[in-house]
Every structure is written in C-alpha cells, then in structure tokens.
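Just so it is clear, none of the values below were taken in a lab; they were calculated from the coordinates. These numbers come from a predicted model, not from an experiment. So basically every Cβ, Gly included, is an ideal-geometry build from the backbone, and we count neighbours across all protein chains shown.
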Amino acid sequence: MEKVRAIKATSNKYPGACPSIGRGRIYSDRLLAAAVFIVWILGQSIAAQASGKKPDGDNENTKVDYAAANREILQFESVINKVIASTFSSSPFAVVHTAKGAYLEGYGIVFNFTINIHTAVISTPFGQFRTREEITPELKKRRIEELKEKLIWVLQDNGEILRQLRKRDTVTIIAYFEDRNFPDEPSENKTILLSAPKKDLDELGHKYDRLKEFKQRMKIIEY
C-alpha cells in the first residue's frame, strides 16, 4: 500500500493546473492505483494456492456459481448505494459513480465507488459559475466519517448476502473522494479502504455488542 500512497500523493502536486489536465491526472492516478491493488490481490491469491492451505469452510470445495454471485453482488451494491444516498442526499456532495462490485477468484469481492465532494462549479462559454453554496472542511470531514461508520455497519450487518464466498475470502469496500476545487485552490482527494474476511462477517454479523471487536479485526486504511 506504500506504493499506492505514493501514487495518490502525486495528484495533489499541481494546484494551479488546467482543470481538464487535473481531471485526467486524477483518473490516471486512480486507474494506476486500482491496477496496483488488483496485482497485489492476485499475488496474495497465488501465494495462498502455492502454500497448499486446506479449505476451512463448508463451501470451500464448492464451485462458485457466477450467476448467483452476480445477483448477490447487485444486492450488496444496493445496500451500499442506499447508505451513500442517505448520507449525502441533502448536501452539495454528488455521487459520480455508484458502488460496483466484482468477484476475484482466490480473493473475494471488491466494491468501489467515487464521490465528488466539490461540484459547485460549471464551465460555460462565458466563464465558470458556482451552482451551489460552498461547503466547509468541517462538514466534509463529518460527512466522510459518517459514511465510513455506516459502511462498517454494512459489512457487519449484510455479510450473509454473499453466500457464494468461502470463509477464507475477503470483502473489500473502496471509497474514492474527489475534492474538485476551483482551479486556483489545492485539491484534497481521499481514499478509504474497508476490508474484512468472510469468516468474520459470519461470526460477528448482527452482533452489535461486538462492534469494537469487529473493527479491530477489520483492515481500515485511509490516505
């Protein structure tokens, strides 16, 4: 993940750059970061297979039903998208890409989405205009933290949806926050990664008195 941090950090070095160039750099950085993450996932999968570990769950030897897995992913996406809407529906935030999930053999399922924090500007032949009131850094921070806590709840409360996953598989949610400011303002993008093994979702699902333990077992990365 150190490499990913380095990649994401480069997107904030050009506060005065042309908006179109800045957007292209943001998208390129995100694609490169996603590629690095997927390569890491595949590496982990190959290493696990090479180690010769035995399956540890009832469905470990069962072939994945991709049609059923797709239906489960769509259902889980719906839960995530409802949480996003409930958090940002009455704010200047705008969801650019809703949650999308993908099953990766040997790893599990990865969901990701993007939220554009600052869409208060539109470009016209006559210049750029504000379309919404500017939001404060405190409000941005509060809304992002609120969404993070809700996504942790989504994982703990909805793990049973993903029946095709094996206990050794992992469920990961990646949230990209684009702080698209005005051309003369610095950009402050943020990524949050929440990840938990399926066995923990099964063991601690709906056990709210063990939420603290669930968070401790999770992998939570912010940069």
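A few remarks follow.
- Extension gain, Ser86 back to Glu138 (0.36 nm per residue minus Cα-Cα distance, nm): 16.8 nm
- FRET efficiency for Asp209 and Tyr66, using Cβ-Cβ distance with R0 set to 35 Å, rounded to 0.05: 0.45
- Pairwise FRET efficiency - Trp153 versus Leu104, Cβ, R0 = 30 Å, nearest 0.05: 0.80
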